[in-house]
There are 2 protein chains.
Amino acid sequence: MTVLSDITNSPGSVDPSGAGYLPGLAIDLVILGFHHSQLKVLLLEYENTGLFALPAGFIQKKEDLNAAAHRALTERTGLQGIFLEQFYVFGDRSRHDPSPLKAILKGKGISPSKRHWLLGRFVSVGFYALVDFTKAVPNPDALSDRCEWHDLANLPPLMLDHETMVQKALDTLRAAMDRKPIGFNLLPETFTMGELQTLHETILNQKLNRSSFQRRMLSLNILERVDKKWTGRAHKAPYLYRFLQDKK
Amino acid sequence: MTVLSDITNSPGSVDPSGAGYLPGLAIDLVILGFHHSQLKVLLLEYENTGLFALPAGFIQKKEDLNAAAHRALTERTGLQGIFLEQFYVFGDRSRHDPSPLKAILKGKGISPSKRHWLLGRFVSVGFYALVDFTKAVPNPDALSDRCEWHDLANLPPLMLDHETMVQKALDTLRAAMDRKPIGFNLLPETFTMGELQTLHETILNQKLNRSSFQRRMLSLNILERVDKKWTGRAHKAPYLYRFLQDKK
């Protein structure tokens, strides 16, 4: 389940019937941050419960599902036009556990009735994004106390099935990297094969063979060779590449 | 949106409030059939409207999302234990068009009120399955007149965004084939590399290079070489393979 990431007004104004939103459907965002060979994930923290959670959202009745996910991403990071993709729908009955949300609402001075919409069963659509974490301005939602980057290798305990969500997002990203120009909003307009390889190695958390990486990337037909990078030593200059526009 | 594939009793008994089901959430199934180098898709037909649609389903309040999809697959085909995967959630507002469902309900003698749950906005989770179509026993649901296989290359007009769904399922299947043992319920327990290649060529609708196909399949570590196939001419006998159990 989910927290009130897209309700940016005061928590007391949360409509207990969920009016204006699609019932029983949430969005959870696995926002992965990358910068200088480091990988992080953006989490909300709830002081009164000691819980951490993925940023989440709900879909307004007059809103497209994907637009709601983009809105939630912008609300939590200030970023727009970011690569954001669905990766899985979490719809097991066993996810339904109203206790963390009840504790969070109580901590904010709300005593929810049993019929409060946030305490019901939610199916959640998982989305993942990959952003330059130095460019994001993390912003907690109405019910959380902090919104911060955490090292992927050292995550605090997460609410409900959010650890599974992080793992599944990573699996999807890693599988997609060999087919899509996943890094186009992380790398500069033009980049060397070495810079692209470093991005892949960080996300995969493993070293890659240089020549087979280059061969595989070139075989995808997503890169265009631009020019040699000027290093002062012409015979050592690496080529620069950019992602083909229509493949972004 | 969606039709009543999982309500197998008479259409008159459909509860107009949708009681017992998760509100506003549906499942659509792209069931791809394969046999002897042919690819087909299973469609429902509504005589009174001239419409065709993908088999669909709803999620019971006490049911997991994926279990509901498996139930709908079994109800329409009689098959169980089939590879069935989510591929995309269709959640645009523009999908909401109550007119086809209204026509279908009227054709079945139901005059739905404006508040009938089937006329509301639905977000639909798309699932795809790949089955041996000679083993399926197609079975229409309460509102449809026929459930039949159609050639993928020659589809009739489909309801709402169901054509997009078929295309997106195919794209997902084609991308997944190079990573997963997608065909394990289509091929015999042991098979030759040529048989596996024919399956891939049919789904991709293109000829593949024999040696690079073999090299790529072996590099995935999903196949185990079993023995040579006895053809009477030992030096020409192709090897037999099977999918590694833990990769299924």
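Against the test of being farther than 30 Å from A:Ile182 by Cβ, touching a residue at least 12 places away in the same chain (Cβ under 8 Å) and not in a loop (DSSP other than H, G, I, E, B), the options A:Lys168, A:Lys102 yield a single qualifying residue, A:Lys102. It is to be established whether one or more residues within the stretch A:216-235 are in a strand (DSSP E or B), surrounded by 18 or more Cβ atoms within 10 Å (Cβ to Cβ), more than 17 Å from the chain's Cα centre (by Cα) and not assigned by TED's automatic domain parsing to the domain that holds A:Ile104. Checked against the condition, which is being in a strand (DSSP E or B), surrounded by 18 or more Cβ atoms within 10 Å (Cβ to Cβ), more than 17 Å from the chain's Cα centre (by Cα) and not assigned by TED's automatic domain parsing to the domain that holds A:Ile104, the stretch A:216-235 yields at least one hit. Taken residue by residue, the stretch B:210-225 has no member that is under 26 Å from B:Ser124 (Cβ atoms) and basic (Lys, Arg). Out of all the residues in the stretch A:189-200, is one or more of a type in the set (Asp, Glu) and surrounded by 15 or more Cβ atoms within 10 Å (Cβ to Cβ)? Scanning the stretch A:189-200, I find at least one residue that is of a type in the set (Asp, Glu) and surrounded by 15 or more Cβ atoms within 10 Å (Cβ to Cβ), so the answer is yes.
Scan the stretch B:39-93 for residues that are of a type in the set (Asp, Glu) and under 13 Å from the mean Cα position of the chain (by Cα) and the total you get is 2. Within the stretch B:161-175, restricting attention to residues that are surrounded by fewer than 17 Cβ atoms within 10 Å (Cβ to Cβ) and touching a strand residue (DSSP E or B) at 6+ places or on another chain (Cβ under 9 Å), the residue that is farthest from B:Glu85 (Cα to Cα) is B:Thr164.
When the residues of the stretch B:75-86 are filtered to those that are away from chain A (no Cβ under 14 Å) and under 26 Å from A:Phe87 (Cβ atoms), the one that is surrounded by the fewest Cβ atoms within 10 Å (Cβ to Cβ) is B:Gly81.
Counting just the residues of the stretch A:51-72 that are touching a Phe, Trp or Tyr at 6+ places or on another chain (Cβ under 8 Å) and more than 10 Å from every other protein chain (Cβ to nearest Cβ), which one comes out farthest from B:Ser124 (Cα to Cα)? Filtering the stretch A:51-72 for residues that are touching a Phe, Trp or Tyr at 6+ places or on another chain (Cβ under 8 Å) and more than 10 Å from every other protein chain (Cβ to nearest Cβ), the one farthest from B:Ser124 (Cα to Cα) comes out as A:Phe52.
Table: residues versus (1) in contact with a helix residue (DSSP H, G or I) (Cβ under 9 Å, 6 or more places away or on another chain); (2) modelled with pLDDT of 95 or more.
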| residue | (1), (2) |
| --- | --- |
| B:Ser5 | yes, no |
| B:Asn9 | no, no |
| B:Val30 | yes, yes |
| B:Leu39 | yes, no |
| B:Asn48 | yes, no |
| B:Asn66 | no, yes |
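Restricting attention to the stretch B:63-93, the residues that are more than 23 Å from A:Phe58 (Cβ to Cβ) and part of a loop (DSSP other than H, G, I, E, B) add up to 6.
Okay, residues lined up against (1) within 16 Å of B:Asn185 (Cα to Cα); (2) of a type outside the set (Phe, Trp, Tyr); (3) at pLDDT below 90:
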position: B:Ser211; (1), (2), (3): no, yes, no
position: B:Arg215; (1), (2), (3): no, yes, no
position: B:Leu220; (1), (2), (3): no, yes, yes
position: B:Arg225; (1), (2), (3): no, yes, no
position: B:Lys229; (1), (2), (3): no, yes, yes
position: B:Ala234; (1), (2), (3): no, yes, yes
position: B:Ala237; (1), (2), (3): no, yes, yes
position: B:Phe243; (1), (2), (3): yes, no, yes
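Can B:Val89 be described as of a type in the set (A, V, I, L, M), modelled with pLDDT of 95 or more and farther than 17 Å from B:Asn48 by Cβ? Yes: the conditions hold for B:Val89. Considering only residues in the stretch A:13-40 that are β-branched (Val, Ile, Thr) and in contact with a strand residue (DSSP E or B) (Cβ under 6 Å, 6 or more places away or on another chain), the one that is surrounded by the fewest Cβ atoms within 10 Å (Cβ to Cβ) turns out to be A:Val30.
Scan the stretch B:87-105 for residues that are more than 23 Å from B:Val41 (Cα to Cα), surrounded by fewer than 19 Cβ atoms within 10 Å (Cβ to Cβ) and more than 14 Å from chain A (Cβ to nearest Cβ) and the total you get is 5. Only residues that are aromatic (Phe, Trp, Tyr) and surrounded by 23 or more Cβ atoms within 10 Å (Cβ to Cβ) were counted across the stretch B:41-70, and they come to 1. Within the stretch B:131-164, the set of residues being in a helix (DSSP H, G or I) and within 14 Å of chain A (Cβ to nearest Cβ) comprises B:Thr164 only. Restricting attention to the stretch B:106-130, the residues that are assigned to a helix (DSSP H, G or I) and surrounded by fewer than 22 Cβ atoms within 10 Å (Cβ to Cβ) add up to 4.
The values are calculated or read from the model by the stated rules, or taken from the named source; none is laboratory data. What you are looking at is a predicted structure, and each value in this text was computed from that prediction instead of being measured. Cβ: placed from backbone, ideal geometry, glycine included. Neighbour counts: every protein chain shown.
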